[in-house]
Amino acid sequence: MRHRKKTVKLGRTSAHRNSLLANQVCSLIEHQRIKTTLAKAKAVRPLAEKMVTLGKRGDLHARRLAAGELGQKDAVKKLFAEIAPRAAGRQGGYTRIIKLGPRQSDSAPMAYIEWVDNIVIEATPEPEPKKPAKKQPKKPAADKAEKAEKPSDSKKKES
């Protein structure tokens with residue numbers, strides 16, 4: 001029986017599973033939203049929420065615990081500088097799991113996991129490339145001088 005055995009094994013050894021979950025949390029910190037299988041998203045949620053709780057503490061010991069768990073200094077910096085302050089007014093429930101349909105290749109249930117306080121911009125359209133302006137052939141300096149004289153000649157004719 002599995003009574004009180006909380007760990008989701010995900011078909012991996014414990015070291016592989018810990019690395020996978022740490023990498024998923026680092027990706028979540030970096031990209032604000034990741035698409036993964038539903039089982040992995042449910043396994044990532046507790047670790048991500050623990051990291052935000054450490055980020056809210058903000059002391060050196062919490063930073064070292066987070067760095068030891070995640071193993072990526074840049075992710076820890078971003079966690080403590082950006083993500084934890086956004087969640088300061090919230091007492092838990094920092095992540096959201098959005099279920100998607102099954103993956104086409106193997107029908108695995110897919111999901112997004114994202115920060116609740118994050119504003120995700122959906123599929124921003126790329127700006128259209130500017131059409132290059134038609135280049136005028138370069139004319140000698142004498143032609144430029146003639147053009148400068150012509151407007152004054154036209155003003156004389158009008159008056």
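On a full-extension model of 0.36 nm per residue, what is the gain between Val8 and Glu49, subtracting their alpha-carbon distance, rounded to one decimal in nm?
Result for the pair: 13.1 nm of gain on full extension.
When both region 1-61 and region 64-118 are represented by their alpha-carbon centers, they are found 8 Å apart.
Which order results if Ser27, Ser19 are arranged by neighbouring Cβ count within 10 Å, fewest first?
The most exposed by this proxy come first: Ser19, Ser27.
Of the two radii for region 14-115, the radius of gyration is 0.99 times the Kirkwood radius, both from the alpha carbons; that is the Rg over Rh value.
When Ile98, Ile29 are sorted by how many other C-beta atoms sit within 10 angstrom of their C-beta, beginning with the fewest, the order is Ile98, Ile29.
Using unit Cβ charges (K, R positive; D, E negative) and no other charged atoms, how large, in debye to the nearest 20, is the dipole of region 14-115 about its Cα centre?
160 debye
Once C-alpha pairs closer than 8 Å and six or more residues apart are averaged by separation and normalised to the residue number of region 14-115, the relative contact order reads 36 percent. For Thr95, the residues whose modelled amide H falls within less than 5 Å of its own, excluding neighbours fewer than 5 places apart on the same chain, are Val116. Counting beta carbons within 10 Å around each of His3, His61 and listing the fewest first gives the order His3, His61.
Values quoted throughout were computed directly from the atomic coordinates according to the rules given, and no laboratory measurement underlies them. These figures come from a predicted structure and were not determined experimentally. All Cβ positions, even for glycine, are placed from backbone atoms using ideal geometry, and neighbour counts span all protein chains on display.
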